[in-house]
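The values are calculated or read from the model by the stated rules, or taken from the named source; none is laboratory data. Keep in mind that this is a model prediction, so the values were computed, not measured. Note that we place each Cβ from the backbone using ideal geometry, even for glycine, and neighbour counts take in every protein chain shown. Areas reflect the complete protein model, heavy atoms only, side chains present, ligands, DNA and RNA absent. Shrake-Rupley method; radii C 1.70, N 1.55, O 1.52, S 1.80 Å.
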There are 2 protein chains.
Amino acid sequence: MAELARRSDLSVATIKYYLREGLLQPGRRTSVNQAVYDAAHLERLRLVRALAKVARLPLHKIREVIQAVSVESSVLGAMAVTQDALVGDIETGALDKTADEALTRAIEERGWRCEPGSPAHRAAIRAVAELQAEGLGALVDRLDDYAQAADSIGRIDLEVVSVVDSLEAMIRGVVLGSVLRRPLLDTFVLLAQQHYANELHGNAP
Amino acid sequence: MAELARRSDLSVATIKYYLREGLLQPGRRTSVNQAVYDAAHLERLRLVRALAKVARLPLHKIREVIQAVSVESSVLGAMAVTQDALVGDIETGALDKTADEALTRAIEERGWRCEPGSPAHRAAIRAVAELQAEGLGALVDRLDDYAQAADSIGRIDLEVVSVVDSLEAMIRGVVLGSVLRRPLLDTFVLLAQQHYANELHGNAP
């Protein structure tokens, strides 16, 4: 247990908590107060850790993803479960029609085959509607450009996952990659903004 | 006040709370229990709403951004404050050296002029380190490709802001745009992932 804590970068208390909550499978008991943990336990802990500490998902969402990963037998399925957890709960009411149309045009322009009723799709409509409501029309006018950049990212994400040779590793890669790639892209965009803010509004170097 | 609630899509109770907390400037009193609010109040409320409901920033961070926006006199300054709030608190300890070097190479490759000590830069090093620690080397190998996509996004972000003609509107655009563009890109990437998951792992249409 101490070894597991060291290698997963989690406290013993946290690991015991994950055990109690069923997020980590029990170790093999060797005596009343001793159990053996192996590489599978460490791998699971790292996944739970990423979902909890990096994606900051609530416990019930972590449980959903973990359960899905154990039974899932396709990359598509694992991706759907991960996306739904990352998007979070989304209201089921009617969505803004103008935003829906603007999104549909952007999707058609790119030729994306995606799932119209998925939480990600509903969340995208809501994101466009928010921009329209706030009068950020100049930004909405560039939907196609943002979609083009998003296309590159989605393509790289899937290429990265697909170089792995076992399905199990691929599914783990989908979940872990989706969660950990997010802060990477977020922060890279901030650095790019700094660069272009300097270019357009800063003094000469 | 009722009118303000309707047009800002916030409850009267929430608006009164923002008034008490000093996030919204007081209206012009016309009698003991009547006050007049104008377009500036509505604009401020929408900004606070976006920071609270979309970016989910804690109250003290919202106050920081709001105060900075009122005194800030440059796009660069407004952007720095917004970025710092979005990145959140980041530990000040030593950062991973390998990750730092990998990030430096990616930044040099793109020719970005950015701020080495900024919270965004530190958060980027941490993001790379997390990927390395989780054995997602295949993803780290593509840092340059992700940086290239991030470059497009940062460029569009700044172009969008820069079409506005008043500095005040530009600063508001930096803050509001940064906060509301995030869910747009996040969800667009999810749609692109769905597309490429279908392409690479799905059945033929």
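Things worth noting here:
- For residue A:16, a cut-off of 27 angstrom between C-alpha atoms picks up these lysines, skipping any fewer than 8 places away in its own chain: A:53, A:61.
- The protein assembly as shown - convex hull of the alpha-carbon atoms, volume per residue in Å³: 164 Å³
- Cβ-placed point charges (K, R +1; D, E -1), dipole of the protein assembly as shown about Cα centre in debye, nearest 20: 1660 debye
- The tail of the calculated P(r) for the range B:76-126, taken as Cα-Cα distances beyond 12 Å, holds 66 percent of the pairs.
- In loop segments of the range A:72-180 as defined by DSSP, the GluC sites (Glu not before Pro) with at most 16 further C-beta atoms inside 10 Å of their C-beta are A:91.
- Stokes-Einstein diffusion of the range A:90-163 at 25 °C, 0.890 mPa s viscosity, Kirkwood radius from Cα pairs, rounded to a whole number: 186 µm²/s.
- Unit charges at the beta carbon, dipole of the range A:90-163: most positive-side option, A:119, A:131, A:99: A:119
- For the range A:1-90, taking the reciprocal of the average inverse distance between every pair of different Cα atoms yields a Kirkwood hydrodynamic radius of 13.9 Å.
- Kirkwood-type hydrodynamic radius, chain B: 19.8 Å, calculated from all non-identical alpha-carbon pairs.
- Base-10 log of normalised Debye intensity for the range A:1-43 (one unit scatterer per alpha-carbon) at q = 0.20 Å⁻¹: -0.58
- Distance from the range A:46-90 to the range A:178-204 (C-alpha centre basis), Å: 27 Å
- When all protein chains stay in place and ligands, DNA and RNA are ignored, the 1.4 Å accessible-area order of B:118, B:73, A:162, largest first, is B:73, A:162, B:118.
- Shape call, the range A:105-204: gyration tensor on alpha carbons, a/c limit 1.5: oblate
- Given charges at beta-carbon only (K, R positive; D, E negative), |dipole| of the range B:136-205 in Debye: 200 debye
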